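The values are calculated or read from the model by the stated rules, or taken from the named source; none is laboratory data. None of these values were measured; they are calculated from a predicted model. Positions of Cβ are backbone-derived with ideal geometry, glycine not excepted, and every protein chain shown enters the neighbour counts. When the accessible area is computed, the model is the full protein with side chains, heavy atoms only, and any ligands, DNA or RNA have been set aside. Shrake-Rupley method; radii C 1.70, N 1.55, O 1.52, S 1.80 Å.
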Amino acid sequence: KTILAQHPDDLATLMQLAAIEARENKADAMVARLKRAIEAHPTALEPRVRMAGFYIATGSPENVAALFAPLDELQRRSPAVLELTGLAQLAQQENASALATFQHLVDARPNAAQNHFLLAMAAGKTGDEAKAREELAEAHKLDPDHVPTLLALARVAVSDGEKELFAQYLATLVKLAPDASDVVRLQAVSEAQNENAAEALVLAQRVFTLAPTTQSLLELTAYQLAAGKKGDVRVALQQWLKDHPNDVAVRLALASDLERGMNV
């Protein structure tokens, strides 16, 4: 702030303060700082990249295209801009556009596992399963410990019924990211496959604790049903709706549970 008092448009200082405000969860202050940096330095890439990341993380991907529009062609082809543009397109279900964007990203940096993973995700969204599998294989080849790729490959193995391959991927994931909710979710799947309903339920409860979302709640109630804990299902759904009254998916699940109770 002392520097800005003398040099109010110093880019490095504005970016450092924005980073501090982000760490302190001062989103409004961070956004204001980034907007100031963009206004003072309209051709600078870093503040636009930071702002785009914020838009995507906070569910406003529609703002990303306009943010990058003033950049020149060379800047728009930079890996950071391509990645964020593609992520914004995916978030808006512009899957064909995302596929083209991530292909440019792979062309720019073909040796990055993350880029091939993103291309695989876009290919999967467009229905090109062969391309998705090919890119996942390439990402795994480039970095056998790339967690997002391993998660995707593990899900593919489950879908294909490849239990041994699934077990291999899962074992690696447990070593690399034992506390990640998606890894614990796959552990629950593994226990369910082995007909260990009680252990699967314990793991599903852990997933919900780590990441309390509609998805993890509905997964939890499915495991509760499988474990014969029917009474817990209604309690969990009703408790969620107290805090999230507009959650349509959970209301539908509660209606189904009530209907099941009537038919018993």
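Of all residue pairs spaced 6 or more apart or on separate chains, those with beta-carbon atoms under 8 Å, a first member in the range 68-82 that is in contact (Cβ under 8 Å) with a residue 12 or more places away in the chain and a second member that is open to solvent by less than 20 Å² (accessible area, probe 1.4 Å) and of a type in the set (Gly, Ala, Ser) are Phe68/Ala52; Val81/Ala52.
No other residue among Ala226, Ala222 is among the small types (Gly, Ala, Ser) and open to solvent by less than 60 Å² (accessible area, probe 1.4 Å) apart from Ala222.
Taking the range 141-194, which residues are more than 19 Å from Tyr223 (Cα to Cα), without any contact (Cβ under 8 Å) to a residue 12 or more places away in the chain and exposed (fewer than 14 other Cβ atoms within 10 Å of the Cβ)? Selection gives Lys141, Asp160, Gly161, Glu164, Ala171, Lys175, Pro178. Is it the case that Pro8 is over 21 Å from Leu84 (Cα atoms) and surrounded by fewer than 14 Cβ atoms within 10 Å (Cβ to Cβ)? Yes; evaluated as a whole, the condition is true for this residue. Take the residues in the range 65-105 that are more than 19 Å from Gly127 (Cβ to Cβ) and of a type in the set (Val, Ile, Thr); name whichever of them is surrounded by the fewest Cβ atoms within 10 Å (Cβ to Cβ). Across the range 65-105, the extreme among qualifying residues is Val81. Pairs are defined by a Cβ separation below 8 Å, a sequence spacing of at least 6 or placement on different chains, a first member in the range 201-218 that is aromatic (Phe, Trp, Tyr), and a second member that is surrounded by 15 or more Cβ atoms within 10 Å (Cβ to Cβ); the pairs so defined are Phe208/Ser216; Phe208/Leu217; Phe208/Glu219; Phe208/Leu220.
Give me the residue from the range 20-42 that is surrounded by fewer than 17 Cβ atoms within 10 Å (Cβ to Cβ) and in contact (Cβ under 8 Å) with a residue 12 or more places away in the chain and, out of that set, nearest to the chain's Cα centre (by Cα). By that ranking, first place goes to Ala27.
Checked against the criterion of being open to solvent by less than 50 Å² (accessible area, probe 1.4 Å), out of contact with any Pro (no Cβ under 8 Å at 6 or more places or on another chain) and free of Cβ contacts under 8 Å to residues at least 12 places away in the same chain, the range 114-125 has at least one qualifying residue. The set of residues from the range 195-212 being among the polar types (S, T, N, Q), surrounded by 15 or more Cβ atoms within 10 Å (Cβ to Cβ) and either in a helix (DSSP H, G or I) or within 20 Å of the chain's Cα centre (by Cα) (or both) comprises just one member, Gln205. Is it the case that the range 44-57 has a residue that's over 30 Å from Ala113 (Cβ atoms), outside any loop (DSSP other than H, G, I, E, B) and either open to solvent by 40 Å² or more (accessible area, probe 1.4 Å) or acidic (Asp, Glu) (or both)? So far as the range 44-57 goes, no, none of its residues is over 30 Å from Ala113 (Cβ atoms), outside any loop (DSSP other than H, G, I, E, B) and either open to solvent by 40 Å² or more (accessible area, probe 1.4 Å) or acidic (Asp, Glu) (or both).
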